[in-house]
Amino acid sequence: MSDLPQTAHPRPEVLAAFEGATGFMPVDEGLALYAAAVTAARRTGLPVLEIGTYCGRSAILLAEAARETGTVALTVDHHRGSEEQQPGWEYHDPTLVDPEVGRMDTLPRFRRTLHAAGLEDHVIALVGRSPRIAAVWGGGLALVFIDGGHTDEHATADYEGWAPHLAPEGLLVVHDVFPDPADGGQAPYRVYLRALAEGFEEVSVTGSLRVLRRAATG
């Protein structure tokens with residue numbers, strides 16, 4: 001099914017930085033994301049973008065793909081944590097709370113992650129709410145990686161806000177796609193199904209990561 005390059009692979013030190021970074025993405029899904037980003041950036045010459053950065057684990061691989069292809073990785077996150085990362089919830093990390101304001105703040109960890117990987121110069125961090133940034137964004141994109149809030153409201157807004165900016169033959173990547181409700185939330189799965197219904201073609205499946213291509217005619 002996949003036409004992504006099987007030889008696309010980040011430098012060993014970058015992969016090690018990814019594996020050591022705070023976050024949740026498995027290595028096989030990360031490598032699939034990297035291959036998609038390299039493919040899309042080479043095909044279009046445009047930036048790659050992710051929604052949902054957290055502490056920068058997946059951003060390392062997007063930044064490496066941008067470095068490899070001579071473009072830039074854009075990251076979109078308010079850095080206050082998603083729903084499940086708030087106090088009292090399953091994925092809350094108290095070390096990421098800003099003691100002065102009493103709220104989650106993953107931006108400092110994200111910056112340290114990029115610095116440790118040597119990839120700061122290949123990333124532009126867009127700090128704010130995804131729909132507000134999408135509304136003022138005017139450029140085309142090679143790849144859009146949706147991995148932000150997992151409610152229907154947030155996942156749908158990410159898709160509606162950013163998918164229109166994809167270049168023809170650009171790639172849409174959706175994380176945490178679980179067809180079986182017993183495996184996880186259904187919002188990303190519904191976005192994935194909507195994209196297929198609206199003309200995107202599935203390119204590859206790796207774990208919960210789906211890569212889809214926008215039609216050449218837009």
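The values are calculated or read from the model by the stated rules, or taken from the named source; none is laboratory data. Computed from a predicted structure; not experimentally measured. Cβ sites come from the backbone with ideal geometry, for glycine too, and all protein chains shown count toward neighbours. Ligands, DNA and RNA are excluded from the accessible area calculation, which covers all protein heavy atoms including side chains. Shrake-Rupley method; radii C 1.70, N 1.55, O 1.52, S 1.80 Å.
Quick notes on this one:
- Complete set of residues in segment 187-218 that are modelled with pLDDT under 95 and not small (Gly, Ala, Ser): THR217
- Taking residues in segment 132-159 that are open to solvent by 60 Å² or more (accessible area, probe 1.4 Å), and partners anywhere that are hydroxyl-bearing (Ser, Thr, Tyr) and modelled with pLDDT of 95 or more, the pairs with Cβ atoms closer than 8 Å and at least 6 places apart or on different chains are HIS154/SER130.
- Segments classed as helices (runs of 4 or more DSSP H), wholly inside segment 1-72, with at least 3 members that are buried (at least 21 other Cβ atoms within 10 Å of the Cβ) and in contact with a His (Cβ under 9 Å, 6 or more places away or on another chain): 27-44, 57-69
- Looking only at segment 192-211, and only at residues there that are farther than 15 Å from ILE51 by Cβ and among the aliphatic types (A, V, I, L, M), the one that is surrounded by the most Cβ atoms within 10 Å (Cβ to Cβ): VAL211
- Candidate set: segment 171-191, residues that are among the acidic types (Asp, Glu) and in a loop (DSSP other than H, G, I, E, B); chosen: the one least open to solvent (accessible area, probe 1.4 Å): ASP176
- Subset of segment 164-186 (residues that are among the hydrophobic types (A, V, I, L, M, F, W, C), farther than 19 Å from SER58 by Cβ and either in contact with a Cys (Cβ under 8 Å, 6 or more places away or on another chain) or in contact (Cβ under 8 Å) with a residue 12 or more places away in the chain (or both)): ALA167
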